[in-house]
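Everything on this sheet refers to the single structure shown next.
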Amino acid sequence: MRAITITSNNIVTEIETDGGYEFIRDFIGGWIEGGSIYNEGEVIGTMYMDEEGKLMNLPLNEIATAVYNNNRSYYDNILGDVIIFGNCDNNGYDTGVTDELADLVYKIIENRS
């Protein structure tokens, strides 16, 4: 399935993966925490990050922070590397990134420039 990785040194990559707990854990390098990505009030994806990023003083991920805080009523810094998938299906499994979600991520990146 299609996913987007965003590293804390601002490298954004689209990948194809089967996903899964081990893959996500190995990519982010720690305990997994998921957060919803919003567009116009609707959840359109899930961002996985290191749950202990703040405790471990991981570097600020400026792009992931901008994506995560889109259409939120509060602000939070995202630290470390992240991976983005689409919404979960009815069985709780991740789905691939949709064109709408990818377009949102790239629009946010473009607006930061």
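Numbers for the structure displayed
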| read-out | value |
| --- | --- |
| Filtered residue count, the stretch 73-112, keeping only those that are hydroxyl-bearing (S, T, Y), closer than 19 Å to E14 by Cβ and assigned to a loop (DSSP other than H, G, I, E, B) | 2 |
| Number of the condition not met by N91 [criteria: (1) touching a Lys or Arg at 6+ places or on another chain (Cβ under 7 Å); (2) surrounded by fewer than 17 Cβ atoms within 10 Å (Cβ to Cβ)] | (1) |
| Verdict on G34 being of a type outside the set (A, V, I, L, M, F, W, C), farther than 19 Å from D103 by Cβ and under 10 Å from the mean Cα position of the chain (by Cα) | yes |
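Read the figures in this text as sums done on the coordinates, not as results from a lab. No experiment lies behind these values; they were computed from the predicted model shown. With ideal geometry, Cβ positions are generated from the backbone for all residues, glycine too; neighbour counts draw on all protein chains shown.
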